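Report on the structure given below.
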Amino acid sequence: MKREMIRRRAFVVAAGTTAIATPCAARPDRRSALRLGFSLYGMKELRTEEAIRKVREIGYDSVELCLLPGFDAEPIPLAADRRRGLRDLLRSSGLVLGALMEQLNLGGDEAKQEEATDRLKRAAELGHELSPDAPPVVETTMGEGKWEDVRETFRDRLRRWAEAAKQSSSVLAVKPRRFGAVNRPEQAVWLVDQVKSRWLRLAYEYSHFAHRDMPLAKTVSEMIPHTSFIHVKDEISPLPDAGGRERSVDGRPRQPLWRPRPPLRNTGHVTVSRCATRTRVLSPPRCRSPRAARARMCPARTWWWFIRPS
């Protein structure tokens, strides 16, 4: 596959005028420097305090907490004294709390929607407690279904989510996801354009578009003007190349670097989330560890130096 290239000047025209929502959700128009962080989705076995120390030790400058059930930072069981301790630890470590990972669903009945909205509010509350001066983005997928059948329902319910985000003064970033109802850039952009809320943004992750005849340059140009958060993830195609080698996210034989590397300046946070195999996010145990995070730091730093703001 021919490598997709994006001219820096052309990209800045597309992305440089974007209103950046992170890291200060209370003032979603404020621009921020591009940061490189690690998602604690990739360190499930560690307590959050230990994981934060490891992330700082490795050299990242921001972190994403995972709030999914079963993770250490799940809001309901996270006691008040631990929340205070985490806030103090983040301050003393110098790490920016860039985002909180949730996994909400726009589908289901009204009871399910009330539950999803409550989870969103709890996530936002936690974000303000841990980083009161610069509340993090709450990022989430949107659920399953067939786009043609659910898009109006998703739009209407997303308006309610956006209103909850506004009331909580926290930016919500929703992510199109492979195998989800919203799985293409134009679908996600349509939803954001329909809702028209400054508190609703997008989360970009190219691995959900890779190997689907969606060139990197096109997905970037469509989504970045609406994007506040970027996930970087190694993705392996189940279809080998002609020589029998595994293919990386851009179609070439797999290499220990994330490529291609567009100049994603002024888009908030870039988070190295985890490794994935066979096009699905499996996060095997060998990828959920400080050692794996450290191994990713070297190629991620190469990526960062390429895209850092000038």
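Just so you know, all these numbers are worked out from the coordinates, no wet-lab data involved. Nothing here was measured: the structure is a model prediction, and the numbers come from that model. Every residue, glycine among them, receives a Cβ derived from its backbone with ideal geometry; neighbour counts consider all protein chains shown.
Quick rundown of the values:
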quantity: Summed side-chain charge close to ARG82 - residues other than ARG82 whose Cβ falls under 12 Å, Lys, Arg +1, Asp, Glu -1; calculated: -2
quantity: Under 5 Å, built H, 5+ apart or other chain: amide partners of ALA173; calculated: VAL138, GLU139, THR140, ARG201
quantity: From phi via Karplus (6.51, -1.76, 1.60), per-residue ³J(HN,Hα) for segment 41-51 in Hz, x at Gly/Pro; calculated: 4, x, 9, 4, 6, 9, 5, 4, 4, 5, 5
quantity: Nonlocal amide H pairs with GLU205, under 5 Å, H built at 1.01 Å; calculated: HIS231
quantity: DSSP-assigned coil residues among chymotrypsin sites (Phe, Trp or Tyr not before Pro) in segment 112-212, each with at most 11 further Cβ atoms within 10 Å; calculated: PHE179
quantity: FRET E, pair GLN187, GLU125, Förster distance 25 Å, beta-carbon r, rounded to 0.05; calculated: 0.25
quantity: Vicinal HN-Hα couplings computed from phi for segment 88-100 (Karplus, 6.51 cos²θ - 1.76 cosθ + 1.60; Hz; Gly/Pro x); calculated: 5, 5, 4, 5, 6, 7, x, 6, 8, 7, x, 7, 10
quantity: Taking all pairs of distinct alpha-carbon atoms in segment 121-187, Kirkwood radius in angstrom; calculated: 12.9
quantity: Phi-based couplings in Hz for segment 147-163 (Karplus 6.51, -1.76, 1.60; Gly and Pro marked x); calculated: 3, 4, 8, 10, 5, 5, 5, 4, 4, 5, 6, 5, 4, 5, 4, 5, 5
quantity: Cross-link table LYS44/LYS175; LYS54/LYS218; LYS54/LYS146; LYS54/LYS112; LYS44/LYS196, entries beyond 31 Å C-alpha to C-alpha; calculated: LYS54/LYS218; LYS54/LYS146; LYS54/LYS112; LYS44/LYS196
quantity: Counted charge near ARG159, where neighbours are those whose Cβ lies closer than 14 Å (Asp, Glu -1; Lys, Arg +1); calculated: +3
